[in-house]
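Heads up, the thing below is written out as structure tokens.
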Amino acid sequence: MIELKNVNKIYNDGFQALTKVNVEFQEGKINVLIGPSGCGKTTTMKLLNRLVDYTDGEVYFNGKKIKEMNPIELRRQMGFVIQNIGLFPHMTIFNNVATVPKLLKWDKDRIKKRVIELLEMVNLDPNTYMNRYPSELSGGQQQRIGVIRALAAEPSTILMDEPFSALDPISREQLQDELLRLQTEINKTIIFVTHDMDEALKIADNIVLMKDGKVVQQGSPDSLLSNPANDFVKEFIGEKRLNSNNQLNDLSLANYINKDILLVQSDIRIEKATSSLIERKVSSAVVINEDETYNGIVSLYDAIENNSSEINSIIKKASLIIYENDKVSTVLEKIEGIHDIVPVLSKEDIVVGLLSVDKLFATLHHLTEYKRGEI
Amino acid sequence: MELLQDYIAFWADKYASIFDYMLEHVLISLTVAIISIVFTIPLAVWMTKMKSTKLRSFIFNIANIFQTIPTIALLAIMIPIFGIGFTPAIVALFLYALLPLLRNTYSGMESIDQEVVEAAKGMGFTSFQRIVKIELPIALPYIMSGIRVTSVYIISWTTLAALIGAGGLGDLVLAGIGYNDTFMIFTGAFLAIIIALILDFVLATVENKLIKL
């Protein structure tokens, strides 16, 4: 856990880089420091491993004042990834990744095991890459090495200074995805500096937005999008992003419920259900109990296969049920990978209709198209 | 044909003293080279770390001045201070070697990507570890080219050191001039070239071993 309390940084020439900064970086989360250039975000990050010293206030690392800690030891406890990668050009990939473990004097077998494990973690074949030099790797591969080099000595905290900003857009997206995937395995406290709002919204658990050496707002991406503190925050996030977020929240699920569906009682015979299905020209029906609450679904295929038995034997549970009061954004999160029909229920479990997935995606598509076109 | 036979006879007669001159020459050159490397490289590293630009340009100016003094004059200046022989020659040649080594090492250290230095700092290298394990190895191509150029210079300058009684192949050349003996002049010059070429070759091999990029 890292905490900054009333931290000020005044340079010798009198320039005040940070003013009363109070920040709490959440443990095991991706904390993003963001702001326009010169806002003090990088300075704030470099305070943490004492590459920059602060004038007054206090910084606590796991409850200890960092001013009282040995800077060399402090730095070895924190991973550090910099903007232009900064791999050591005269060392092989193996030695680059092994840097901090070697400084900490781990034994050789342990170092080797760790390096292989890390290379596999980012899908770089150890046998192929271990003995290569940084110049023999692509930019994206180099920054993967930069990231695992920071992870090598299993630090609890990792500082990342605009790590992906020098990469091409495709590699950047890939590395962001990989970082998110890695983070689910490693759960480190990550302090990530960026000036790219899209990147912040994508990866952050906690965003700290800064301007002119002061913290303007901090909170989850959602809270920044839904409650921007002032005009600067609004402007920095960008109207388009705010709008598309609002537009998504403004969408009412009611517009995407198909109420014209076939309901069948749970005690009828299958032949009757089959003929209704054929008559209505639909491939499935929702089965309801006597009190009209939801029971399950039947498909035309199953009905024809087992034409002579009771309907009970062919009722299936839908893989996803949603409620009519659900938010569109919640539904979108759940719907991924579901190919069934999705029944929509009221609070009392009474069937309201089926989710019209095609229509929902058509709207979503329209929204994102608009966003891309405009930005 | 006759010339060649005469020259072979010259070698057969003088080979023992020729080898002595050669050994002296190598001894002087290597001593100067080693002293200047040991002294100059740490100085250059320190100069890249010093905050005062005034002190830095002062040191560069001094090194520059030594370089501009004509070799013979510098050797002669040594006589009232150190007398004649080995010591004044070493001092004079060392002052000569200062600038090329200093410049190359300094440029090598300055050429290092500051991002790499910052990465090393941020990862918890101590200043000494950073210089030895990161900065010097990265600056090595520059430093090595400085060492090679300087070594070849030193071998050629050492020939002049014979003027202040330091010995070496210069003696052979000077005696040759005195006796109007072309063989002696030629042999002295030729062997100095051979030593320079061999040393350069050895250093190139070392360089390739050290720099695997």
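The values are calculated or read from the model by the stated rules, or taken from the named source; none is laboratory data. Remember, it's a predicted structure, so these values are computed and weren't measured experimentally. Cβ placement follows ideal geometry from the backbone for every residue including glycine, while neighbour counts extend to all protein chains displayed. Ligands, DNA and RNA are excluded from the accessible area calculation, which covers all protein heavy atoms including side chains. Shrake-Rupley method; radii C 1.70, N 1.55, O 1.52, S 1.80 Å.
Each Lys and Arg contributes +1 and each Asp and Glu -1, all at the Cβ; summed about the Cα centre of the protein assembly as shown, the dipole is approximately 1880 debye. Association of chains A and B removes close to 1800 square angstrom of accessible area from solvent, both sides included, for a probe radius of 1.4 Å.
Other residues within the sphere of radius under 12 Å centred on the Cβ of residue B:18, judged by their own Cβ, net out at -3 (K and R +1, D and E -1).
For region A:284-297, putting each phi into the Karplus relation 6.51 cos²θ - 1.76 cosθ + 1.60 with θ = phi - 60° gives couplings of 8, 9, 9, 8, 10, 7, 4, 7, 6, 7, 5, 10, x, 10 Hz, in residue order, rounded to whole numbers and with x for Gly and Pro.
Positive contributions from Lys and Arg (+1) and negative ones from Asp and Glu (-1), summed over other residues with Cβ under 14 Å from the Cβ of residue A:58, come out at +2.
Please state the Cα pair-distance histogram of region B:14-212 with 5 angstrom bins from zero: what percent is in each bin? Per 5 Å bin, starting at zero, the Cα-Cα P(r) for region B:14-212 comes out as 1, 7, 14, 16, 17, 14, 11, 8, 5, 4, 2, 1, 0, 0 percent. In percent, rounded to a whole number, the relative contact order of region B:14-212 is 28, using alpha-carbon pairs under 8 Å and six or more apart.
To the nearest 0.05, what FRET efficiency results for residue A:319 and residue A:222 with a Förster distance of 25 Å applied to their C-beta separation? Display every interim value, and only then the final one.
On the way: r = 27 Å, r/R0 = 1.07.
Computed FRET efficiency for residue A:319 and residue A:222: 0.40.
Which length gain, in nm to one decimal place, applies between residue A:301 and residue A:339 when the Cα-Cα distance is subtracted from 0.36 nm times their residue separation?
The span from residue A:301 to residue A:339 would gain 12.1 nm if fully extended.
Across region B:1-31, the residues whose backbone nitrogen lies under 11 Å from the label position 7 Å along the beta-carbon direction of residue B:181 are B:10-11, B:13-15, B:17-18.
Distances between placed amide hydrogens fall under 5 Å for residue A:33 paired with A:192, A:193, A:194, A:208, all partners being 5 or more residues away or on another chain. Taking all protein chains together and rolling a 1.4 Å probe, residue B:37 ends up with roughly 50 Å² accessible. Less than 5 angstrom separates the built amide H of residue A:262 from those of A:286, all sequence-distant by 5 or more or on a different chain. Surface exposure of region B:14-212, expressed per residue as accessible area with a 1.4 Å probe, stands at 49 Å².
Of the trypsin sites (Lys or Arg not before Pro) found in region A:69-169, those that fall in a DSSP loop while having at most 14 other beta-carbon atoms within 10 Å are A:105.
Just the protein heavy atoms count here, and of the accessible area of region B:14-212 at 1.4 Å, carbon and sulfur take up 71 percent.
Using only the heavy atoms of the protein chains and a 1.4 Å probe, how would A:339, A:366, A:90, B:25 rank by accessible area, largest first?
Working: A:339 170, A:366 130, A:90 45, B:25 0 Å².
Reading off the accessible areas and sorting them downward yields A:339, A:366, A:90, B:25.
Per residue, chain A exposes an accessible area of 49 Å² to a 1.4 Å probe, with every protein chain left in place.
The accessible area of residue B:21, taken with all protein chains in place and a 1.4 Å probe, comes to roughly 60 Å².
Along the axis of the charge dipole computed for region B:14-212 (Cβ charges of +1 for Lys and Arg, -1 for Asp and Glu, origin at the Cα centre), the listed residues B:19, B:90, B:122 are led at the positive end by B:122. Taking every DSSP beta bridge that has both ends in the protein assembly as shown, the antiparallel portion is near 55%.
Placing dummy labels 7 Å off each Cα toward the beta-carbon, the span from residue A:332 to residue B:82 is 8.0 nm. The accessible-area loss of region B:110-124 on complex formation, taken against its chain alone with a 1.4 Å probe, reaches 30 Å² or more at B:115, B:116, B:118, B:119, B:121, B:122, B:123, B:124.
Helix-only estimate, please: 222 nm mean residue ellipticity of chain A, summing -39500 (n - 2.57) across DSSP H runs of length 4 or more and dividing by its residues, to the nearest 500. Don't skip to the end; give the middle numbers.
Values: 16 runs with 148 residues, N = 375.
Helices in chain A give a 222 nm mean residue ellipticity of -11500 deg cm²/dmol.
Computed over chain A, relative contact order equals 16 percent, with contacts defined as Cα pairs under 8 Å that lie 6+ residues apart. For residue B:131, neighbours were defined as the other residues whose beta-carbon sits under 12 Å from its Cβ, and their charges (Lys and Arg +1, Asp and Glu -1) total +3.
Given their separation in residues at 0.36 nm each and the Cα-Cα distance between them, residue B:190 and residue B:107 gain 26.5 nm when the chain is fully extended.
Model label points for residue B:50 and residue A:168, set 7 angstrom from Cα along the Cα-to-Cβ axis, are 4.7 nm apart. Once the dipole of region B:14-212 is set up with Lys and Arg at +1 and Asp and Glu at -1 on Cβ about the Cα centre, which of B:161, B:136, B:68 lies farthest towards its positive end? Value: B:136.
Past 31 Å, Cα to Cα, is the threshold; run A:29/A:347; A:41/A:65; A:112/B:49; A:64/A:240; A:188/B:121; A:65/A:240 against it and keep the listed order. Checking Cα-Cα distances, A:29/A:347; A:112/B:49; A:64/A:240; A:65/A:240 exceed 31 Å.
Classify region A:101-189: rounded, prolate or oblate, from the alpha-carbon gyration tensor (a ≥ b ≥ c, eigenvalue square roots; a/c under 1.5 rounded; otherwise prolate if a/b is larger than b/c)? Write out the running numbers ahead of the final one.
Working: a/c = 1.81, a/b = 1.26, b/c = 1.43.
Taking the square roots of the gyration eigenvalues as a ≥ b ≥ c, region A:101-189 is oblate.
Comparing A:137, A:36, A:350 along the charge dipole axis of the protein assembly as shown, the residue lying farthest to the positive side is A:36, per the Cβ-charge model. Remark: accessible surface ordering of A:300, A:33 (largest first) is A:300, A:33, probe radius 1.4 Å. At full extension, residue A:252 and residue A:27 could sit 77.4 nm farther apart than now, given 0.36 nm per residue minus the alpha carbon distance. Run the quick spin-label model on residue B:205 and residue A:52: label points 7 Å from Cα toward the beta carbon, then report their separation in nm to one decimal. With each label point 7 Å from Cα toward Cβ, the separation is 5.2 nm.
Rounding to the nearest 20 debye, state how big the charge dipole of region B:14-212 is about its Cα centre with +1 on each Lys and Arg Cβ and -1 on each Asp and Glu Cβ. Walk me through the intermediate numbers first.
Numbers: 12 positive and 11 negative charges, 128 e Å.
In debye, rounded to 20, region B:14-212 gives about 620.
Take residue B:205: with every protein chain present and a 1.4 Å probe, its accessible area is about 60 Å².
Report in % the part of the accessible area of region A:221-368 that belongs to carbon and sulfur, leaving out ligands and nucleic acids; probe 1.4 Å. All intermediate terms of the calculation are to be shown ahead of the outcome.
On the way: 4090 of 8560 Å².
Whole-percent figure for carbon plus sulfur exposure: 48.
Between residue B:129 and residue B:197, the FRET efficiency estimated from the beta carbon spacing at R0 = 41 angstrom works out to 0.65.
Exceedance of the 27 Å cut-off in Cα-Cα distance is limited, within the set A:102/A:214; A:202/A:234; A:202/B:133, to A:102/A:214; A:202/B:133.
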